[in-house]
Each structure stands twice: as structure tokens, then as C-alpha cells.
Amino acid sequence: MAHEHSSIAGNLSLIRERIERAAARSGRAAGEITIVGVSKTFPAEHIQEAYAAGIRHFGENRVQEWESKQARVVQLDAVWHLVGHLQSNKAARAARLFHTVDSLDSLDLARRLDRGVAGASMQTPASRLRVLIEVRLDAAPSKSGASDAELPALVDGVLALPHLDLQGLMGVPPPFGDPERARPIFRRLRELRDAAAARTGSPLPVLSMGMSHDFEVAVEEGASEVRIGSALFGARRAETA
Ligand SMILES: *Cc1c(COP(=O)(O)O)cnc(C)c1O
């Protein structure tokens, strides 16, 4: 559903109600779930409006786009997430510009981010950058993420890096028309997280899954963060994902 810019606060209250009901269905508290407003393609004014409505986490998918608008909103007391695929040559910039990289998908990238954090000022506390490992949930060639087989070694490698703080996993299933089809995929991501936590003894509390069309199913399957763009900000003019 496309919504108008002027109704971000209204969109947010509808999203909150839907999260509350989905959480209740699965015996969870809505307070366990963080909404990350995905503001890619939208101007800084939309971020300000969503902040005024109560959003405190924002996601962007491109380093360059965020560089062009962050000066106008960086003074807000918000957490800035990179949710899109990161090219290695932009890792140092990303480490400076974001509080969390939710789309880490290789050890090479992890090492570059770790080095980038050493000289960066954005990270609190104690100069560690929060990261989530993105697991590949969509076989389409344009999609990214670590494979199930690569995951254990990547988890171990990231946990060993001093300036990265691995908090969990992220994933994007194929864009099914029927969100129920994403349910087994969300469940698999949760099981991968549970297995990695059990194997390493690291709690990995964050499970970032669910977007505008499927966030309720993701909440039922254990999402701790949902990444919501169009249901909050309105239809994007150009799809850049
Ligand atoms: C664009 C994007 C979103 C938000 O998508 P909507 O369908 O607009 O909610 C979430 N996660 C990632 C990684 C994205 O690129």
C-alpha cells in the first residue's frame, strides 16, 4: 500500500498496532521488537518527520546516498543502520557513517570494517561497530548474503575481530506475494541464529527480518528488528534495492 508523506505518524501507528497483534499471537511483547525505518530514496525531511513520530532507528542501503543527506539529520539521537550490500572499497566510509552494518556478508568485508572502526568516531561504546551477518535467503543472482555453509566460519571470524560487535543475523527472503511463503524461511534464519549462538556461546540476540509486506509473519517467527520502508514512508519512486 502506498501512503502519503504527510501521514508518516499515521502509518507508524498502524504498523505498531499490527506488530502488537503479531507479537501477541506468538506470546511475545511488542516492546521486544524494534522498527528500523528504511529511508532509502526519501529525503532528509522524511527522516525528521519519522523521528518526530517516534522512530529512533533508520536504515539506508547505499553509503553514497547516506553521505548526501546525513548532515541534515545526524544531530538526531537515532541509530543509523546500513542495511544494503556494502562494497569492500566503501567499508572504511561505512564504519565512520553508521552505528551498525546489518548486511555483513564476507570475512574480507569484516576485516576492512574492523580496520575502519579503529580510526572512526561514530561508534559507542568503546569503539566497536555493531554488525549483523546477512544470510542469503534468496537464490536470485542479484541478491547477497553468506550461504548456510559459509556461516559458521564467518561467525567465528567476525567474533574474533576486536572492533566488531556481532549481535545477530539479518536476511531478506524472496518477495513472495503471499507472506506465508516466507514463514519457513524466517524460521530457518532463526534456527541458524540459535545454532550459531549455541555453538559459540555468544548470545546473538538480534534477528533482523521482515519488511513492509511480511513483517507480521517475521514477528511471529521471532524477529527482533523489522526493516520497514514503504509502509512507513510511502511508495518509492525508484527501486534501488
Ligand atoms: C528497501 C529495504 C527494506 C524495506 O523495504 P520495504 O519493502 O519498503 O519495507 C528492508 N530491508 C532492506 C535490506 C532493503 O533494501
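State the percent of C-alpha pairs, over all pairs in segment 1-122, separated by a distance greater than 22 angstrom.
On the way: 3132 of 7381 pairs.
Of all Cα-Cα distances in segment 1-122, 42 percent exceed 22 Å.
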Over the Cα atoms of segment 5-233, how large are the radius of gyration and the largest Cα-Cα distance (Dmax), in Å? 16.7, 47
Sequence-distant residues sharing a close amide H with K40 (under 5 Å, placed H): N61
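Mind ranking D165, D148 by accessible surface for me, highest first, 1.4 Å probe?
Values: D165 45, D148 65 Å².
Final ranking, largest accessible area leading: D148, D165.
Within the accessible area of segment 5-233, what % is carbon and sulfur when the probe is 1.4 Å and the other protein chains stay in place? Write down the numbers at each step before the final one.
Values: 4970 of 9590 Å².
Of the solvent-accessible surface of segment 5-233, carbon and sulfur hold 52 percent.
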Gap in Å between the Cα centre of segment 57-114 and the Cα centre of segment 187-241? 18 Å
Residue-averaged 222 nm ellipticity for the chain, from DSSP H runs of 4+ at -39500 (n - 2.57), nearest 500: -11000 deg cm²/dmol
Just read off the accessible area of V101 with the full protein assembly in place, 1.4 Å probe, to the nearest 10 Å². 0 Å²
Run the quick spin-label model on R93 and S13: label points 7 Å from Cα toward the beta carbon, then report their separation in nm to one decimal. 4.0 nm
Using heavy-atom solvent-accessible surface (probe 1.4 Å) with all chains present, what is the largest-first order of V83, V155? V83, V155
Looking at the chain as a GNM with Cα springs under 10 Å, which of A197, A160, A95 has the largest mean-square fluctuation? A160
Which sequence of I8, I185 reflects their accessible areas, 1.4 Å probe, from the largest down? I185, I8
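Give me the 1.4 Å probe accessible area per residue for the chain, excluding ligands and nucleic acids, in Å². If you can, show how the numbers build up before the last one.
Numbers: 10700 Å² over 241 residues.
So the chain comes to 44 Å² accessible per residue, rounded to a whole number.
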Need one number: nm distance between label points at R181 and D77, each 7 Å from Cα along Cα→Cβ, rounded to one decimal. 4.4 nm
Taking R0 as 25 Å and r as the Cβ-Cβ distance between E67 and R111, the FRET efficiency 1/(1 + (r/R0)^6), rounded to the nearest 0.05, comes to 0.65
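Just to confirm the filter: which trypsin sites (Lys or Arg not before Pro) across segment 23-57 are DSSP coil and have at most 14 other Cβ within 10 angstrom of their Cβ? The partial results should precede the final answer.
Numbers: sites: R25, R28, K40, R56; in loops: R28, K40, R56.
Answer by residue number: R56.
Just to verify a number: FRET efficiency for D156 and E45, C-beta to C-beta distance, R0 = 41 Å, to 0.05? Before the final figure, lay out the partial values.
On the way: r = 43 Å, r/R0 = 1.05.
The value I calculate is 0.45.
The values are calculated or read from the model by the stated rules, or taken from the named source; none is laboratory data. Keep in mind it's a predicted model, so treat the numbers as computed, not measured. A quick note on method: Cβ atoms are made from the backbone with ideal geometry, for glycine too, and the neighbour counts reach across all protein chains shown. Heavy atoms of the whole protein, side chains included, go into the accessibility calculation; ligands, DNA and RNA do not. Shrake-Rupley method; radii C 1.70, N 1.55, O 1.52, S 1.80 Å.
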